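Engineer: Before we start, here is the structure in question, set down as structure tokens.
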Amino acid sequence: MPLNKQLAAVLQSLEGVTPPDFGSLDAAQYRQFADSMMAAPPGLPMHEVRDLRVAGAAGELPARLYRPLAQKGLPLLVFFHGGGFVIGTLDTHDALCRTLASQTGAVVVSVAYRLAPEAPFPAAPQDCYAATCWLVQHAAELGIDGQRLALAGDSAGGNLALAVSRLAGQSGGPRIRYQCLFYPVTDAACDSASYREFAEGYFLTRTMMQWFWQQYLPDSGRGTDPLASPLRAESLAGLPPTMLISAEFDPLRDEGEALAKRLCEAGVAVQMRRCAGMVHGFISMAAFVEAAAQALAEAADELRKALV
């Protein structure tokens, strides 16, 4: 199937932007470039939106709470933003989190974990796990039901949601009812067929992903660690029911779908959907692309049902 027409129009609007030189790129410079490119459109109104400080693995972290309704005791959806472990902020994913809160009926808390290269692996997964535990421990004072807990994340955030689920299972941490993974990063190798087929020209490039991994894993030998590359785990048994959404024209497509297959083989309940005509990052384009909005609505519906 060709690229979705509405999505192709979005990509065409970016054609005049000069891409950075990843051979000499500084992470701080790229954040300035990328955050302006990732600026989110205005999001849906919420009953409450407030910034928090939550526990991380090495100190407090910023987070943002989205409460769609006034009532207390709503379920909790912890969200981890994408950006290759290097870029992305609470603001770049603000509209997406508002939509998730509105459509799931859950309180969404987006966590600003530490970024690489200043805080390389395993800082991000450790932060995300510590923040999730803190939110559950403080659920009563936040007016949420910490026993009805789900995780979600896009790209690197999907990787981090998986890491939190693994750590929770290994450490006797919070019980996670469901995880929703939008085109997750699952393998540091960057050598799948989709990486070769969509290496250039489809928003996310192979060169870009390799640069992200270099920032996140200064010791490339750690790329086999299951917390970094969940596809390399010996077993995926015991992870929570999962919805995994991939994009047809995405270098990460094959590694995400391979993870879904391995989850199924491990006895995990999985819903896997490949979105035709889409590229990496398309969920954040829901305001402009009807098919993206539909995929997001379907994911939110599954989260809502899991959190009843």
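Engineer: Assign unit charges at the C-beta atoms only (+1 for Lys and Arg, -1 for Asp and Glu), then state the dipole size of the chain relative to its Cα centre in Debye, rounded to the nearest 20.
Structural biologist: With only Lys, Arg, Asp and Glu charged at Cβ, the dipole is about 860 debye.
Engineer: How high is the FRET efficiency from S235 to T207, r the C-beta distance, R0 41 Å, rounded to 0.05?
Structural biologist: Efficiency at R0 = 41 Å is approximately 0.80.
Engineer: If the cut-off is a Cα-Cα distance under 12 Å, which aspartates and glutamates reach K5, setting aside same-chain residues fewer than 8 apart in sequence?
Structural biologist: Filter leaves E290.
Engineer: Taking H as built 1.01 Å from N, whose amide H comes closer than 5 Å to the amide H of V54, not counting residues under 5 places away?
Structural biologist: Here L61, A63 satisfy the definition.
Engineer: Pop a pseudo-label 7 angstrom from the Cα along the beta-carbon direction at both A193 and A58 and give the gap in nm to one decimal.
Structural biologist: According to this spin-label approximation, the distance is 4.1 nm.
Engineer: K305: which lysines have alpha carbons under 27 Å from its alpha carbon, excluding same-chain residues fewer than 8 sequence positions away?
Structural biologist: K72, K261
Engineer: Moving on. Provide the per-residue ³J(HN,Hα) series for segment 66-80, in order, calculated from phi with Karplus coefficients 6.51, -1.76, 1.60 and θ = phi - 60°, each as a whole number of Hz, with x at glycine and proline positions.
Structural biologist: Residue by residue, segment 66-80 yields 10, 10, x, 9, 6, 5, 7, x, 5, x, 10, 10, 8, 10, 10 Hz.
Engineer: List the residues, sorted by chain then number, that are 5 or more residues from S246 or on another chain and whose placed amide H is less than 5 Å from its amide H.
Structural biologist: Y183, R273, R274, C275
Engineer: Another question, if that's okay. What full-extension length gain, to one decimal in nm, is calculated for S220 and K261 as 0.36 nm per residue of separation minus the Cα-Cα distance?
Structural biologist: 12.2 nm is the gain from fully extending S220 to K261.
Engineer: What are the ³J(HN,Hα) values, in whole Hz, obtained from phi via the Karplus relation 6.51 cos²θ - 1.76 cosθ + 1.60 with θ = phi - 60°, for each residue of segment 165-176 in sequence order, with x given for Gly and Pro?
Structural biologist: Each residue of segment 165-176 in turn: 4, 5, 5, 5, x, 6, 10, x, x, x, 7, 9 Hz.
Engineer: Of R274, R67, R196, how do they rank once you tally other Cβ atoms within 10 Å and put the fewest first?
Structural biologist: With the sparsest Cβ surroundings first, the list reads R196, R274, R67.
Engineer: Sort Y66, Y30 so that the residue with the fewest other Cβ atoms within 10 Å of its own Cβ comes first and the one with the most comes last.
Structural biologist: Ordered by Cβ neighbours within 10 Å, fewest first: Y30, Y66.
Engineer: Given H placed 1.01 Å from N in the peptide plane, which residues other than close sequence neighbours of A233 have an amide H under 5 Å from its amide H?
Structural biologist: Sorted by chain and number, the residues that satisfy this come to none at all.
Engineer: For the chain, give the share of DSSP beta bridges that are antiparallel, in percent and rounded to the nearest 5; count only bridges with both residues there.
Structural biologist: 30 percent
Engineer: Along its three principal axes, how long is segment 1-80 when you only count alpha carbons? Whole Å, largest extent first please.
Structural biologist: So the extents along the principal axes, rounded to whole Å, are 47, 37, 23.
Engineer: Another one. Identify the residues of segment 1-29 with backbone N under 16 Å of a label point that sits 7 angstrom from the Cα of D35 along the Cα-to-Cβ direction, or state none.
Structural biologist: 26-29
Engineer: In addition: So how do D145, D191 line up by other beta-carbon neighbours within 10 Å, fewest first?
Structural biologist: So the ranking, lowest neighbour count to highest, is D191, D145.
Engineer: Under the Kirkwood approximation for Rh and a Cα-based Rg, what ratio Rg/Rh is obtained for segment 233-308?
Structural biologist: In segment 233-308, Rg relative to Rh is 1.00.
Engineer: What number, rounded to the nearest 500 deg cm²/dmol, is the helix-based mean residue ellipticity at 222 nm of the chain, given -39500 (n - 2.57) per DSSP H run of at least four residues and division by all its residues?
Structural biologist: -11000 deg cm²/dmol
Engineer: Additional query: If you take the beta carbon distance between Q147 and A269 as r and set R0 to 22 Å, what does 1/(1 + (r/R0)^6) give as a FRET efficiency, to the nearest 0.05?
Structural biologist: Plugging the Cβ-Cβ distance into 1/(1 + (r/R0)^6) gives 0.70.
Engineer: Please report, in whole Å, how far the alpha carbons of the chain spread along each principal axis, starting with the longest.
Structural biologist: The principal-axis extents, from largest down, are 48, 40, 38 Å.
Readers should treat all values here as calculations from the given coordinates under stated rules, not as data from a laboratory. Because the structure is a prediction, the values reported are computed rather than measured. Because the Cβ atoms are built from the backbone with ideal geometry, glycine has one as well, and the counts that use them run over all protein chains shown.
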